[in-house]
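The block underneath contains the structure these notes are about, expressed in structure tokens.
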Amino acid sequence: MKKKIILLSGLATSLLLSGCWDVTEPQRMYYVDGLGIDYKEGQYEIYLQLINFTNVATSESSNPNPQAAQAEVGQAKGNTLEEALFKLFRSIDQKVFWGHMTYIIFSKEAMQDKNALSF
């Protein structure tokens, strides 16, 4: 009897603990492709190109939207680079993956500012 209880409790525990409960599906994330940094009128402007894979390879959908944007550009301003980046990051409604970022572009004004490279 004791062995059956241990076996059943072990089986129930293993069933409850298995699975990927916190995994974010790729189509529910934004992927950062590039980052642009500009300095105008005493403020930094950050431009972030995001790629969304929602409409890629949707074979189960009978009516995909061909006019949906594959890439979006977000923009934010701030007194420092960190402030502008955090404003932009807080405005995004899905998780962001930074692993595929391929470029960072600094404008001439941002490169000439001494505080731009200290973030």
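The values are calculated or read from the model by the stated rules, or taken from the named source; none is laboratory data. Not measured: the values here are computed from a predicted model. A quick note on method: Cβ atoms are made from the backbone with ideal geometry, for glycine too, and the neighbour counts reach across all protein chains shown.
Quick rundown of the values:
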quantity	calculated
Filter result (buried (at least 16 other Cβ atoms within 10 Å of the Cβ) and among the polar types (S, T, N, Q)) within the stretch 69-93	none
Residues satisfying the stated conditions in the stretch 86-119, i.e. at pLDDT below 90 and of a type in the set (A, V, I, L, M, F, W, C)	PHE89, ILE92, VAL96, PHE97, TRP98, ALA110, MET111, ALA116, LEU117, PHE119
